[in-house]
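Engineer: Dumping the structure here so I can ask a few things about it.
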Amino acid sequence: MSSLLVDGIGELVTNEPGGESGPLGIRRDVALLVEDGRVAWVGPSRDAPAADRRLDAQGAAVLPGFVDSHAHLVFAGDRAAEFAARMAGQPYTGGGIRTTVGATRAAGDDELRATVRRLRDEALRQGTTTMEIKSGYGLTVTDEARSLRIAAEVSEETTFLGAHVVPAEYADRPDDYVGLVCGPMLAAAAPHARWIDVFCERGAFDVDHARAILACGQAVGLGVRVHANQLGPGPGVQLGVELGAASVDHCTHLTDADVDALASSRYDCMCADSLHTTTVATLLPGAEFSTRSPYPDARRLLDAGVTVALATDCNPGSSYTSSMPFCVALAVREMRMTPAEAVWAATAGGARALRRDDIGRLGVGARADLIVLDAPSHLHLAYRPGVPLIRQVLRNGVLQ
Ligand SMILES: [Zn+2]
């Protein structure tokens with residue numbers, strides 16, 4: 001059994017009870033022992049046990065690895081020209097998804113696999129130690145199943161998004177496409193997926209189709225997530241709460257009833273700040289940045305008691321970033337989150353959105369997924385935007 005002692009820590013973000021006030025459970029003058037890929041001990045530096053190896057953080061901040069709970073990595077091609085057109089004034093409609101579907105279907109497995117791994121590695125270098133990956137650019141039985149198979153090679157958090165858009169060949173018969181998604185496509189996808197997701201939005205899937213698809217997924221044991229209320233107000237958020245979704249994602253256009261529905265899913269989780277919502281609101285500011293759209297109002301959700309996560313939405317159309325530090329900086333600057341709230345949302349919040357209690361925190365028993373910043377405090381993630389601040393990353397206790 002090999003052990004590693006992390007010491008010289010300037011500030012340890014634990015997301016656990018017992019630290020300084022605020023959501024991050026910050027502790028100082030502590031060391032952390034890793035054994036067998038898990039956190040085995042956290043305590044005062046002077047009491048640190050002996051270990052086989054030592055990692056000296058040299059006064060830097062140590063945080064849980066980022067948990068990116070929303071990403072679309074299985075695709076081919078890019079849409080840089082579409083981005084340029086948007087920046088020249090064209091609105092985002094979501095229609096470009098079909099462009100990527102065509103390129104993805106035409107690509108070989110190795111090409112898709114190389115893209116997934118390249119983006120996964122890019123995210124890891126920026127401190128992301130858990131990354132959810134969706135299908136949704138295949139939209140045939142074969143292409144959705146292979147997308148998830150390839151995603152599952154690098155992540156245990158895989159999501160079947162056959163209901164991303166109605167593909168062109170079904171444009172005039174969406175009911176038939178919903179039948180395909182709930183039938184043979186789900187059967188082929190489910191063995192490789194933990195979650196099911198639907199893009200519930202005007203131009204994608206209406207509430208009845210979305211409810212039917214999510215219910216089919218639930219019936220075969222998949223957890224529910226929803227793309228909701230991104231482009232305008234709609235029923236997606238309330239549908240997600242109704243179905244007990246782990247997360248409703250985007251939440252850019254919310255009515256008071258949507259916020260109330262999310263807040264009403266509060267429960268006592270017996271954790272640090274004791275109350276959380278069953279359905280997390282996952283905000284994806286990279287999408288608003290890349291589509292030049294108004295940002296979601298995180299403050300309104302937080303003040304209502306809703307649990308908030310931050311994720312990248314990494315995809316070639318509306319948010320081609322894999323950087324959680326970038327999302328933290330956007331959330332602080334544009335969404336009225338404090339730096340502590342944003343860092344919590346990018347770590348513990350993401351873990352809650354994936355219903356995981358072994359990641360997103362640094363307490364005894366947690367997976368030893370952690371990052372050492374090139375900075376003395378978590379504040380620098382928002383204070384120094386665009387700067388490569390991730391000095392070291394440990395995943396399962398292994399230096400990457
Ligand atoms: Zn998305």
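No value in this document is a laboratory result; all are computed from the given coordinates. Just so it is clear, the structure is predicted and the values come from calculations on it, not from any experiment. Because the Cβ atoms are built from the backbone with ideal geometry, glycine has one as well, and the counts that use them run over all protein chains shown.
Engineer: Whole percent per 5 Å bin, from 0 to the bin with the longest distance: what is P(r) over all C-alpha pairs of segment 143-292?
Structural biologist: Pairs per bin, as whole percents: 2, 10, 18, 20, 20, 16, 9, 4, 1, 0, 0.
Engineer: Expressed in nm to one decimal, what extension gain is obtained for the pair Tyr267 and Tyr383 from 0.36 nm per residue of sequence separation less their Cα-Cα distance?
Structural biologist: Numbers: separation 116, 0.36 × 116 = 41.76 nm, distance 3.33 nm.
Extending this stretch completely gives an extra 38.4 nm.
Engineer: For the chain, count all C-alpha to C-alpha pairs, find those more than 36 Å apart, and express that count as a whole percent of the total.
Structural biologist: Taking all Cα-Cα pairs of the chain, the fraction more than 36 Å apart is 21 percent.
Engineer: Work out the length of the dipole vector of segment 34-81 about its Cα centre, built from +1 on the beta-carbon of each Lys and Arg and -1 on the beta-carbon of each Asp and Glu, and round it to the nearest 20 debye.
Structural biologist: Working: 5 positive and 7 negative charges, 17 e Å.
For segment 34-81, the charge dipole is close to 80 debye.
Engineer: Please build a GNM for the chain, connecting alpha carbons under 10 Å apart, and tell me which residue among Ala106, Ala287, Ala368 fluctuates the most.
Structural biologist: Ala106
Engineer: To continue, here is another question. Sort 296-304, 185-193 for me by packing, meaning the mean count of neighbouring Cβ atoms within 10 Å per residue, highest on top.
Structural biologist: Ranked from most to least packed, the peptides come out as 185-193, 296-304.
Engineer: Hey, can you rank 369-380, 41-52 by average C-beta count inside 10 Å, highest first?
Structural biologist: Details: 369-380: 21.7, 41-52: 13.5.
Per-residue Cβ counts within 10 Å, averaged per peptide and sorted highest first, yield 369-380, 41-52.
Engineer: As I understand it, the value is the acute angle between the Cα axis of helix 109-125 and the longest principal axis of the Cα atoms of the chain; what does it come to in degrees, rounded to 10?
Structural biologist: Helix 109-125 sits roughly 40 degrees off the main axis of the chain.
Engineer: Pairs of alpha-carbon atoms within less than 8 angstrom and 6+ residues apart define the contacts here; what relative contact order does segment 73-120 have, in percent?
Structural biologist: 63
Engineer: How would you rank Glu111, Glu341, going from fewest to most other Cβ atoms within 10 Å of each one's own Cβ?
Structural biologist: Numbers: Glu111 14, Glu341 23.
Result, fewest neighbours first: Glu111, Glu341.
Engineer: Around Ala60, what is the net charge, scoring Lys/Arg as +1 and Asp/Glu as -1 over all other residues with Cβ under 13 Å from its Cβ?
Structural biologist: -2
Engineer: Rank by packing, highest mean first: peptides 85-93, 359-367, 143-151, 252-260, with packing defined as the count of other Cβ atoms within 10 Å averaged across residues.
Structural biologist: Details: 85-93: 12.2, 359-367: 20.8, 143-151: 25.2, 252-260: 17.4.
Going by the mean number of other Cβ atoms within 10 Å, highest first, we get 143-151, 359-367, 252-260, 85-93.
Engineer: Output the 0 to 90 degree angle, nearest 10, between the alpha-carbon long axis of helix 141-152 and the longest principal axis computed from the alpha carbons of the chain.
Structural biologist: The two axes meet at around 10 degrees.
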